[in-house]
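Below is one structure, written out as structure tokens, with a few remarks after it.
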Amino acid sequence: MAINSLISMLGALDAALSLCTRCGLCQAVCPVYSVTGNEADAARGKIFLLDGLASHLFDDPAGVSERLDRCLLCGACEAECPRGIKITQTYIAARSILAEYMGLSLGKKVLFRQMLARPERFDRLAAWAARFQWLVTRPAGLLSSPVSQNMVSPLLINRWVPALPITPFHRMEIPERPTEVKGHRVAIFAGCLIDKVFPDIAVAMIEALKYHRADISVPAGQGCCGIPALSSGDMKSFQSLVALNLERFNPDDFDWLVTGCATCTAVIKKIWPEMSGWQIGSKNHVRLKRISEKTIDFSGLMIDIIGVAPMKTGSSSPLVTYHDPCHLKNSLGVMEAPRKLLCASNAFRFAEMKDADTCCGMGGGFCLSFPDISRSLGDRKRDRIMGSGADVVATSCPACMIQLADLSITAPRSFGVRHVAQIYADGLRLCRPQPSDAS
């Protein structure tokens, strides 16, 4: 890349870092530091490193990159920072600088630019993987969903992952939009994991929205929110995906853009406006701002907008507890709505678990790059779930669901893993009375 461009990027990074007073409050909430005890793994340690990035960049770029990668991007440090430093965006910017300087690996170029940034091609690849997954996996029974253990890849040999459904969400029949709107106009942003791994979540969301007379639309051809590429420093693929999705979603067509993925919600609301850059064009920035303002998590829509009320449950109903996804709690401050939605399902009784807002250790690709740290954090979460006495753990993030399902396999007593939308839909199926047209 041009040296002038690199200098400009480093200058912008230095401006963000100058706000840090090195108080160390980030250390107390960093999940990685809680496992390793290594100062370099906490935000303060990384900021010390980034302060000298210009010199370190040329001395040991691979070493700097490895230390920056030892971060879950959970946002806990940012939520606690007394100076309000946007630490997550700062790390992402630093990773982008390193990727520009070092270049992306061939594998990442293929994954992000040839697959993720091309939804139709990505869909075809997922369809083939679903069709032939039986060659490398074996099924296991789990209450939440079918899971498989990969028998080939060294990265996955000790992990259990959900089996890919034969029919992804984007190939399912979506109900036609009503000619007369009776409720809120809601567009659904599915996201990669819900579309290709957990389509039942989207089905449950639609079931709930139909029950409350919403006007539902699912724009075709939507792509990934872009966070996998961005977190690896691939700004080009991220901007390409933002531009693609802006073409698919017209903010004039809906009142709310709802997602069932905590990460997608946080990315569209906060990271799209702050990290997309001017490459997407000034006209698109106006559209992006409007879409960002209308984006809401499913539980927030149901509780804060539609106004779903709690239901009474029987004393014999199974217990459900809740795990706070980092991006929903830390990035958006959403904690009450998912719990209220769980209490609005008469299929379960709610039980709070200790440390519900601590990271489960998934962190996207973090669990593969640093499996020991991920497993340590996961084991703590598993013990908290067991301590709650719950039969099922619910969450608002499909990535967390993968980690939690994996943890259930090793638990002394297996537990189900469900999305809050599925729990609410379960309650609707128990003969709940139909709302009036005015609701």
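General remarks:
- Residue check, residue 113 of a type in the set (D, E, K, R), in a helix (DSSP H, G or I) and over 28 Å from residue 24 (Cα atoms): yes
- Only a single item in (1) in a helix (DSSP H, G or I); (2) surrounded by 23 or more Cβ atoms within 10 Å (Cβ to Cβ) is not met by residue 394, and it is number (1).
- A residue that is buried (at least 24 other Cβ atoms within 10 Å of the Cβ), part of a loop (DSSP other than H, G, I, E, B), touching a helix residue (DSSP H, G or I) at 6+ places or on another chain (Cβ under 6 Å) and on the phi < 0 side of the Ramachandran plot occurs nowhere in region 374-391.
- Leading residue by the ranking (surrounded by the fewest Cβ atoms within 10 Å (Cβ to Cβ)) among those in region 183-198 that are of a type outside the set (A, V, I, L, M, F, W, C) and part of a loop (DSSP other than H, G, I, E, B): 184
- Residue satisfying condition, being under 18 Å from residue 198 (Cβ atoms), modelled with pLDDT of 85 or more and under 22 Å from the mean Cα position of the chain (by Cα), within set 123, 69: 123
- Scanning region 206-235 for residues that are of a type in the set (Ser, Thr, Tyr) and in a loop (DSSP other than H, G, I, E, B) gives a single hit, 232.
- A count restricted to region 58-89 and to residues that are assigned to a helix (DSSP H, G or I) and either among the small types (Gly, Ala, Ser) or in contact with a Cys (Cβ under 9 Å, 6 or more places away or on another chain) (or both) stands at 10.
- Between 301, 257, 328, 341, the distinction of being crowded, with 22+ Cβ neighbours inside 10 Å, more than 24 Å from residue 361 (Cα to Cα), of a type outside the set (Val, Ile, Thr) and under 16 Å from the mean Cα position of the chain (by Cα) belongs to 257 only.
The values are calculated or read from the model by the stated rules, or taken from the named source; none is laboratory data. Bear in mind the structure is a predicted one, so any value in this text is a computation, not a measurement. Please note: Cβ atoms are built from the backbone with ideal geometry, for glycine as well, and neighbour counts cover all protein chains shown.
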